[in-house]
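Each remark here refers to the structure printed beneath this line.
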Amino acid sequence: MAPFCNGAIPARDGPPRSSAEARERRQHSSVVSLEKANMAKTDFLPNRDSDLAIAVARAISTLTPDPGAYGLTQEDVAPVTAAGGDFDADLALASKAAAAAKGATTKKNASRRHLEEEFRGLVRRIKAHRGYTKEQGDVLGIEGPRHLVDLTAAKPDLTALDQTAGVVVLSFTKRESDGINLYCKRETDEDWVLLSHVMASPFVDDRPLLHMGTAELRRYTAVYRLKDKQVGAFSDDLVIACAP
């Protein structure tokens, strides 16, 4: 068998032939693992850019006065000094650009919030106009994605606001319908009365009070219309106290 030195244990194939050999193999394996771990930690260069710039600057400031003490000349040190200067300049530019990008992103986000607020306000005004149609919304791109609803199982959600003197503003969600049939029943009506075929929301019921200067109750309900036919269920009754 070839001689070996420095206490190294030569590798052998096959299982150990004795407990002593097994122990030697374990010790050798531990030494090799430790050496590999130390080798993985021997890279002296920091990962962070700023730490690398500081480390190089410290070394150059030490080497420059007397490079001969380390077996070097000024010409040996000069390329590293130049590279360090270039890196410092580029690092400063990168840091400035990163700060500017962060500030620009913050400003952009604030600008977007302001734009959304202004645009939503404008769209609310457009949709509140009594002549507004979904077709107009599609042209303007303000209707959003469509969520198809089975109108045969749907009913309108009526809301109303009393404007006094008999004027009531009624709103509803049109969905994919052609509008609603709006019915009303006042205190003197024995049955529901078809008030209007409403194509767009809101609708204004501007009939005067039955008795001028006297409050009255009005009951509203509605059902969707599609191709001139009523579809789905009637809405829940909506009772409005009309103030004089």
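The values are calculated or read from the model by the stated rules, or taken from the named source; none is laboratory data. Remember, it's a predicted structure, so these values are computed and weren't measured experimentally. Using ideal geometry, Cβ is built from the backbone for each residue, glycine included, and neighbour counts are taken over all protein chains shown. To get the accessible areas, we keep the full protein, side chains included, count just its heavy atoms, and leave off ligands, DNA and RNA. Shrake-Rupley method; radii C 1.70, N 1.55, O 1.52, S 1.80 Å.
Quick notes
- Cα-centre dipole for the range 32-173 with unit charges at Cβ (Lys and Arg positive, Asp and Glu negative), debye to 20: 1020
- R0 of 51 Å, Cβ-Cβ distance Ala101-Thr62: FRET efficiency to nearest 0.05: 0.90
- The simple Förster model, with R0 at 51 Å and r as the Cβ-Cβ distance, assigns Gln163 and Ala110 a FRET efficiency of 0.85.
- For the range 60-71, 3J(HN,Hα) per residue [Karplus equation, 6.51 cos²θ - 1.76 cosθ + 1.60, θ = phi - 60°, Hz, x = Gly/Pro]: 5, 5, 7, 6, 4, x, 8, x, x, 5, 10, x
- Placed amide H near Val149: partners under 5 Å, 5+ positions off or other chain: Glu176
- Toward the positive end of the charge dipole of the range 85-211, with +1 on the Cβ of Lys and Arg and -1 on the Cβ of Asp and Glu, the farthest Cα among Ile126, Val149, Val167 is that of Ile126.
- Amide H contacts of Gly179 (H built 1.01 Å from N, under 5 Å, at least 5 apart or other chain): Arg225
- Shape of the range 155-203, Cα gyration tensor, a/c cut at 1.5: oblate
- Heavy-atom accessible area per residue - the range 63-184, 1.4 Å, Å²: 69
- Vicinal HN-Hα couplings computed from phi for the range 187-200 (Karplus, 6.51 cos²θ - 1.76 cosθ + 1.60; Hz; Gly/Pro x): 4, 8, 7, 7, 9, 5, 10, 5, 7, 5, 8, 9, 8, 9
- Cα centroid separation, the range 135-188 to the range 226-243 (Å): 9
- Taking amide H atoms as placed 1.01 Å from N in the peptide plane, the amide H of Glu216 lies under 5 Å from those of Cys242, each 5 or more residues away in sequence or on another chain.
- Tensor-based shape of the range 113-244 (alpha-carbon gyration tensor, a/c under 1.5 rounded, otherwise prolate or oblate): oblate
- Residue-by-residue Karplus 3J(HN,Hα) for the range 237-244, coefficients 6.51, -1.76, 1.60, Hz, glycine and proline x: 4, 10, 9, 10, 8, 8, 7, x
- Exposure of Arg48 as accessible area (Å², to 10), given a probe of 1.4 Å and all protein chains: 150
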